[in-house]
Amino acid sequence: MDTRCKNRFVATTKEKWDLNQYWYSANTIASLKKEVQEHATKVAFLSTPSVWFSLENSDIKNRSFFFDVPFPHFLISLLMICLWIRSSSCKNIVSEAAHWMSLQVDSQWEKHSNFVYWNYNQPSEVDRTMHHQFDCVVIDPPFVTREVWAKYSEAALLLLKEGGKIILSTIPENAEMLKHMLNVKRQAFQPSIPHLVYQYAFFTNYESANFSFPNPEVDS
């Protein structure tokens, strides 16, 4: 018997691979949705639109926001080169260019009142009215580097209330770095991201019963 879930967002929203945009599987989204709806009342979804769109609890969905901004492919490539050569001046130029370009690129979700147009290269520019207003953040950046995670971590800590919950996905090799940044630890449940070539892990800053067992979609 086929036990796979169906998800309208995954079925109707095309991934943009040139923007490092890959969706979780429908089953993984269902697990995230269950976790969020059991443990949160107002959530900031950082680069995780698939989870916001999949929420079934209308009260949580209406109170929550999803933060994202598409970046042109050439800026992504240039940023990766700068990170590789560790050039601070190069990264500053890319950051400024990304900020300018983010103002020129229309978002496919800008019509939604719960969408926040956000440049992750300037994390402190999150609207002050949103500071410390969320009891949970769900994070999946387009890159796995320390530099990018530092920016997402800064934004997450600005958005979270004291004692707020963190759910994130990234490569397992980032475990020590993220323990230092966000005090999270790896969970047994690994997300399925069908078109991503390497395996991610889930991390949380609290004990999660839902993520305490392996994901049957993912080979152990």
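Read-outs: derived from the displayed coordinates by stated rules, not from any lab. This one's a predicted model, so the numbers in the text were calculated from it and none came from an experiment. Positions of Cβ are generated from backbone atoms using ideal geometry, with glycine treated the same way; all protein chains shown enter the neighbour counts.
Cut-off under 22 Å on the C-alpha distance; same-chain residues fewer than 8 positions from residue 165 excluded. Which lysines are left, in chain and number order?
Of all the lysines, those that pass the test against residue 165 - Cα under 22 Å, at least 8 places apart if same chain - are 33, 34, 42, 61, 151, 179, 185.
Could you sort 39-46, 55-62 so that the peptide with the highest average Cβ count within 10 Å comes first and the rest follow in order?
39-46, 55-62
Order by neighbour count: 181, 130, fewest other Cβ atoms within 10 Å first, most last.
Lowest count first: 130, 181.
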